[in-house]
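Structure first, commentary second.
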Amino acid sequence: MKKHIVIIGHGAIGLLWAHHFHQRSHQITLLTHRELLPNKKQYLKNIDGDSNHIEFTFSKTMPQDVDLILVTTKAYQVKDALSPWLNEIKAPIILLHNGMGSVDHLTLNETHKVILATTTHGALLKDNTIIHTGLGQTVIGNYQHNTPQQLIDCQALLDGVLPPVKTHLSIQQPLLLKLAINCVINPLTALNQCQNGKLQAIEFQSQIDLIIKELQQVIPLLEPTWIYTAETLKETIMRVVIATADNYSSMAQDVKFKRETEIDFINGYIVREGQKLGFEMIENKKLWNSINALY
Ligand code: PAF
């Protein structure tokens, strides 16, 4: 059945999903608060090099009859992007971004159905073209008030659009894994303005080990089903480093173009959580401060 999807956040990942929903004939509305509306015509360059374009519909107000709201803004934009609409939203809301903790800033009530998600798809936005740079997968899980059936329906909808999409019983676990990956790759590549692959160099290893050691003190206390040891977590992070070796991380790009970074929701998040549990997290705090000191 065709659905009406509202997407808030028109970066590479939001527009990648928008194209794929459109290809499956779902109705898409891109909700924006920008005075100057972005160009309606948006191109997609697929992983196999094929290109096509779509004329999207932008709206400054939340439409009626919405089936799903996908929020793909940066973590620090979620509150401002969603809060004006929270009173009228009845559809499930999916938050999909790097970092954690944005949901804590929302004033949610019993009627809000919230899903948290993480994805490993790679995408780049250049002018009006989204380039799908790496195939990945998406994991979703309940944050509040979705029945198991609602979650299955949502997974089936997303999986029919940009597969594979899986559900996780404790979404906290894949979110924390992505957080750990971002805690290492993003600030180090941003501070050194290097591609992800450079983190294989010997000179980064002791700092990476220290970051991971601190993560391993805190994450298992936040998520009792956490299965990683310092060794297996490092292996996992290094696999991402190698798979994305030629890419500049999102934070390396944010710093290069002097845009706000997600550091407060990445290393900042884990430092705040660690401190609540009595851990200092010196290395992660150093990275958090160094990125924020850049501008
Ligand atoms: O933020 C990013 O760039 C990505 O999440 C990742 C996995 C670090 C790859 O560049």
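The values are calculated or read from the model by the stated rules, or taken from the named source; none is laboratory data. As the structure is a prediction and not an experimental result, all values here were calculated from the model. All Cβ positions, even for glycine, are placed from backbone atoms using ideal geometry, and neighbour counts span all protein chains on display. Note: accessible area is taken over every heavy atom of the protein model, side chains too, but ligands, DNA and RNA are not part of it. Shrake-Rupley method; radii C 1.70, N 1.55, O 1.52, S 1.80 Å.
Please report the projected area of region 46-182's Cα convex hull averaged over all directions, in nm². Mind showing how you got there, number by number?
Values: hull surface 36.4 nm².
One quarter of the hull surface, i.e. the mean projection, equals 9.1 nm².
With the cut-off at 1.5 for a/c, could you classify region 4-102 from its C-alpha gyration tensor as rounded, prolate or oblate?
Numbers: a/c = 1.67, a/b = 1.42, b/c = 1.17.
Verdict is prolate for region 4-102.
Please work out the average accessible area per residue across the chain, using the 1.4 Å probe convention, and give it in Å². Can you show the working numbers first?
Working: 14230 Å² over 295 residues.
Using a 1.4 Å probe on heavy atoms only, each residue of the chain averages 48 Å².
If amide hydrogens are placed 1.01 Å from N in the peptide plane, which non-local residues have theirs closer than 5 Å to the one on Thr261?
none
Test of the criteria: in region 187-277, which chymotrypsin sites (Phe, Trp or Tyr not before Pro) are in a DSSP loop and have at most 13 other Cβ atoms within 10 angstrom of their Cβ?
Values: sites: Phe204, Trp226, Tyr228, Tyr248, Phe257, Phe265, Tyr269; in loops: Trp226, Tyr228, Tyr248, Phe257.
The qualifying sites are Phe257.
How would the chain be classified by its alpha-carbon gyration tensor: rounded, prolate or oblate, with rounded meaning a/c under 1.5 and the a/b versus b/c comparison settling the rest?
Numbers: a/c = 1.69, a/b = 1.38, b/c = 1.22.
Here the chain falls in the prolate category.
Taking the Cα-to-Cβ direction at Lys60 and at Asp127 and moving 7 Å from each Cα, how far apart do the two end points lie in nm?
2.8
Less than 13 Å Cβ to Cβ from Thr107, Lys/Arg counted +1 and Asp/Glu -1: what total charge do the surrounding residues give?
Overall, the nearby charge balance is -2.
What does the extension gain come out to for Ala230 and Ile282, with contour length at 0.36 nm per residue minus their alpha carbon separation? Could the numbers behind the result be given before it?
Working: separation 52, 0.36 × 52 = 18.72 nm, distance 1.71 nm.
Contour length minus the Cα-Cα distance gives 17.0 nm.
Given a Förster distance of 22 angstrom, what is the FRET efficiency for Leu106 paired with Lys258, based on the Cβ-Cβ distance and rounded to 0.05? Please list the in-between numbers first.
On the way: r = 28 Å, r/R0 = 1.26.
Using R0 = 22 Å, I get an efficiency of 0.20.
Report, to the nearest whole %, how much of the accessible area of region 4-167 belongs to carbon and sulfur atoms, 1.4 Å probe, protein only. Spell out each step's value before the answer.
Details: 3810 of 7700 Å².
C and S fraction of accessible area: 49 percent.
With both bridge residues required to lie in the chain, what share of the DSSP beta bridges run antiparallel, to the nearest 5%?
Working: 16 of 41 bridges.
Approximately 40 percent, going by the DSSP bridge assignments.
Rounded, prolate or oblate for region 172-292? Axes are the square roots of the Cα gyration tensor eigenvalues, ordered a ≥ b ≥ c, and the cut-off for rounded is a/c under 1.5. Could you put the intermediate results ahead of the total?
Details: a/c = 1.73, a/b = 1.28, b/c = 1.35.
Oblate is the answer for region 172-292, as a/c is 1.5 or above yet b/c matches or exceeds a/b.
Just to verify a number: what accessible area does Asp209 come out at with the full protein assembly present, 1.4 Å probe, Å² rounded to tens?
Probe radius 1.4 Å; accessible area of Asp209 about 70 Å².
For the chain, set up a Gaussian network in which alpha carbons nearer than 10 Å are linked by springs, and say which option among Ile202, Ile270, Ile54 fluctuates the most.
Comparing Ile202, Ile270, Ile54 in a Gaussian network model of the chain, the most mobile one is Ile202.
Given only helices, namely DSSP H runs of n ≥ 4 each adding -39500 (n - 2.57), what is the per-residue ellipticity at 222 nm of the chain, to the nearest 500 deg cm²/dmol?
Result for the chain: -12000 deg cm²/dmol, rounded to the nearest 500.
What trypsin sites (Lys or Arg not before Pro) in region 1-77 are in a loop by DSSP, with at most 13 other Cβ atoms within 10 Å of the Cβ?
Hits after loop and neighbour filter: Lys2, Arg24, Arg34, Lys40, Lys60.
Could you look at region 172-292 and say what percent of its accessible area is carbon and sulfur, using a 1.4 Å probe and all protein chains? If you can, show how the numbers build up before the last one.
Working: 3090 of 5600 Å².
C and S atoms contribute 55 percent here.
Say the cut-off is 20 Å between C-alpha atoms; which of Lys74/Lys258; Lys234/Lys276; Lys79/Lys258; Lys45/Lys126; Lys113/Lys166; Lys40/Lys126 go over it?
Working: Lys74/Lys258 15 Å; Lys234/Lys276 25 Å; Lys79/Lys258 22 Å; Lys45/Lys126 10 Å; Lys113/Lys166 18 Å; Lys40/Lys126 15 Å.
Going by Cα-Cα distance, Lys234/Lys276; Lys79/Lys258 fall outside the 20 Å limit.
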